[in-house]
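Comments concern the structure below.
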Amino acid sequence: MPVANIQVSETPLVLYTLRRADDALILGHRLSEWCGHAPMLEEDMALSNIALDLIGQARELYSYAAKVEGKDNDEDKLAYLRDVRQYRNLLLVEQPNGDFAQTLVRQFFYSAFADLYWRAMMTSRDATLAAIAAKSEKESAYHLRHASEWLIRLGDGTDESHARAQAAIDHLWAFTGEMFDVDEGERALINAGIAIDPGLLRGRWLQTISDVVSEATLVLPQNNWMQQGGRTGRHSEHLGHLLSELQSMQRTFPGLTW
Amino acid sequence: MYTQALNTAETDDRGLEDAAKAAQFQARIDAEERIESNDWMPAAYRKTLTRQISQHAHSEVVGMLPEGNWITRAPTLRRKAALLAKVQDECGHGLYLYAAAETLGASREELVDAMLAGKAKYSSIFNYPTLTWADIGTIGWLVDGAAIMNQIPLCRCSYGPYARAMIRVCKEESFHQRQGYEIMLTLCRGSDEQKAMAQDALNRWWWPVLMMFGPPDAASQHSDTSTKWKIKRFSNDELRQKFVDATVPQAQYLGLTIPDPGMTQDADGHWRYSEIDWAEFKQVLAGNGPCNRDRIAARRKAHAEGAWVREAAAAYAAKRAQRQTAQAAE
């Protein structure tokens, strides 16, 4: 019975797609942890909605990765039968929900990037990625608006919310650099017009971040040391626990149809 | 998800109402007219509906917890998305129903506070635990199925805002019910382990689901007024029987056994079920169900930990309004 981890042939395009799929799934999973426990019903709705968008993106990307790989894998095998070291998501998205400020700041940093990223990816020469981008871009624009509005409310709300929002920014800032990293395989995809160069988005990303943070009466940290490792499977300790929960059914009852 | 027949009779203050207005009101009800929020209504009608609609809203919100318990462990990505969307729907029902209750003059805050304080009830069914994935299928199939049985007649409830809310809620519940049944069907066509999981879930949920329809008619305190006001159109036992009759063939199709060895089908085709353990029902209502404490604790925790967020939103809105006023004055 297939209890063990699957093997994935990580060609540059498979790996590239898998990385984006893992980002979407792990962040979607984190947001889904809020369902039933949010500060107000409206946020239960909103966070679930964003989670659903992200899980939807993940499913499309996994299916495409499986198709490109051309082996026996599918969206569920890719999601449920890879271990921590095989996951390729950003460290940012696996960070625990923390308080509402931490969840919102994590979402804000990611969505500000994803919004630019998916818009740019609409011009990808890979028709499937371009189509996924067209859908994801619309969703990301809404996610960014939601997170920005909340960050402003929290930053410019009470002393407590201001302090919590600032603490979240200070805590998560070091995980933002990884979004702009490119390795050799990705460079080749960029040169082929399949992927876009995230480095080119950095200026606009920083502008959006700075504008909102400043309107929220908050500040960005001076320390620019950035953590890395998610893209190559060197994760924080948090991801293993998330996966043990996410994968528990497939690991306990291998090979069944649900 | 569901409202339960828990209300106690509130008829004492009706003597104080203007008799002519009350007669006119009853004439409108008898003529199947919808009562709207600005219309005159007897205080007891308002009170009964506020309690029923808010209990229903609390049930939707507390009902997010047992199913939410499986969102992070759903066995496939398709199931995960469907479950999350379903629980989100329930949250939407809660919001919708609080809004309907607000049309009667109660605020969402005071209604929620009453629930958190343990003064307001929610459906007893959510005080049972979800132990396996089959519980998610069973809740959709049976709990939502029972809810639909109860709520379809509420679409014709005399109070307009509640009736209209129910029309939308019923559409979504019907989708949830089919989704739950489909989970069960997949399990029952699966491995022996999966079939056993499905049967175990049915064994645990069957009797609590029958209790969802409320006490037997002989013991029901308030059906008379609710029936007269056309809030309630069928008795608890009538609805329970309809549900059982609809469900038995569904269980047979799945190849599952209803955990009631005494069940028989009478000459009219009705499935006659055995005596329900009303002592268990009373215990659960009294706060002694397996999860009563956990459910309230979870809602209180979310409410308490979210307080600073709600305060921040209010403080920001006030600052913004102040700035706008200052700008307008310049």
Might you let me know whether the range A:108-124 holds any residue that is under 20 Å from A:Ile194 (Cβ atoms), without any contact (Cβ under 8 Å) to a residue 60 or more places away in the chain, out of contact with any helix residue (DSSP H, G or I) (no Cβ under 6 Å at 6 or more places or on another chain) and away from chain B (no Cβ under 14 Å)? no
Here the residues within the range B:250-268 that are within 26 Å of B:Glu182 (Cα to Cα) and surrounded by fewer than 10 Cβ atoms within 10 Å (Cβ to Cβ) are B:Pro261
Could you tell me which residue of the range A:157-190 is farthest from the other protein chains (Cβ to nearest Cβ), considering only residues that are among the polar types (S, T, N, Q) and part of a helix (DSSP H, G or I)? A:Gln166
Listed by first then second residue, the pairs whose first member lies in the range A:230-258 and is more than 14 Å from every other protein chain (Cβ to nearest Cβ), whose partner is open to solvent by 40 Å² or more (accessible area, probe 1.4 Å) and at pLDDT 95 or above, with beta carbons under 6 Å and at least 6 positions apart or on separate chains, are A:Gly233/A:Arg85
In the range A:1-45, what count of residues is obtained for those that are in a helix (DSSP H, G or I), closer than 19 Å to B:Ile71 by Cα, touching a helix residue (DSSP H, G or I) at 6+ places or on another chain (Cβ under 7 Å) and open to solvent by less than 10 Å² (accessible area, probe 1.4 Å)? 11
Could you tell me how many of the residues in the range A:107-140 are surrounded by 19 or more Cβ atoms within 10 Å (Cβ to Cβ) and in contact with a Pro (Cβ under 9 Å, 6 or more places away or on another chain)? 3
Lone unmet requirement of (1) touching a Ser or Thr at 6+ places or on another chain (Cβ under 6 Å); (2) in contact (Cβ under 8 Å) with a residue 60 or more places away in the chain for A:Asn73: (1)
A:Val68 - would you say it is of a type in the set (A, V, I, L, M), touching a His at 6+ places or on another chain (Cβ under 8 Å) and more than 11 Å from chain B (Cβ to nearest Cβ)? no
From (1) facing chain B (nearest Cβ under 9 Å); (2) in a helix (DSSP H, G or I), pick out the condition that doesn't hold for A:Leu92. (1)
If you take just the helices (runs of 4 or more DSSP H) that sit entirely in the range B:47-135, which of them hold at least 2 residues that are open to solvent by 10 Å² or more (accessible area, probe 1.4 Å), of a type in the set (A, V, I, L, M) and more than 9 Å from chain A (Cβ to nearest Cβ)? B:77-102, B:108-116
List every residue pair whose Cβ atoms sit under 6 Å apart, with the two residues 6 or more apart in sequence or on different chains, where the first one lies in the range B:24-37 and is touching a residue at least 12 places away in the same chain (Cβ under 8 Å) and the second, anywhere, is hydroxyl-bearing (Ser, Thr, Tyr) and surrounded by 15 or more Cβ atoms within 10 Å (Cβ to Cβ). B:Ile29/B:Ser158; B:Ile35/B:Ser158; B:Ile35/B:Tyr159; B:Ser37/B:Thr103
Within the range A:183-200, can one find any residue that is under 28 Å from A:Lys77 (Cβ atoms), without any contact (Cβ under 8 Å) to a residue 12 or more places away in the chain and charged (D, E, K, R)? yes
Helices (runs of 4 or more DSSP H) (entirely within the range B:249-330) containing at least 3 residues that are over 25 Å from the mean Cα position of the chain (by Cα) and more than 14 Å from chain A (Cβ to nearest Cβ): B:307-329
Give the range B:198-218 a look and list any residue that's open to solvent by less than 20 Å² (accessible area, probe 1.4 Å) and not β-branched (Val, Ile, Thr), or say none. B:Ala198, B:Ala201, B:Leu202, B:Trp205, B:Trp206, B:Pro208, B:Leu210, B:Met211, B:Met212, B:Phe213, B:Gly214
From the list A:Asp99, A:Asp76, exactly one residue is facing chain B (nearest Cβ under 9 Å), of a type in the set (Asp, Glu) and under 23 Å from A:Arg145 (Cα atoms). Which is it? A:Asp99
Checking the structure you have, find out if any residue of the range A:141-156 is more than 14 Å from chain B (Cβ to nearest Cβ), open to solvent by 20 Å² or more (accessible area, probe 1.4 Å), of a type in the set (A, V, I, L, M) and on the phi < 0 side of the Ramachandran plot. yes
From the list B:Glu182, B:Glu173, B:Glu238, pick out the single residue that is open to solvent by less than 10 Å² (accessible area, probe 1.4 Å) and either touching a helix residue (DSSP H, G or I) at 6+ places or on another chain (Cβ under 8 Å) or of a type outside the set (A, V, I, L, M) (or both). B:Glu173
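The values are calculated or read from the model by the stated rules, or taken from the named source; none is laboratory data. These numbers come from a predicted model, not from an experiment. Backbone-built Cβ (ideal geometry, glycine too); neighbour counts: all protein chains shown. To get the accessible areas, we keep the full protein, side chains included, count just its heavy atoms, and leave off ligands, DNA and RNA. Shrake-Rupley method; radii C 1.70, N 1.55, O 1.52, S 1.80 Å.
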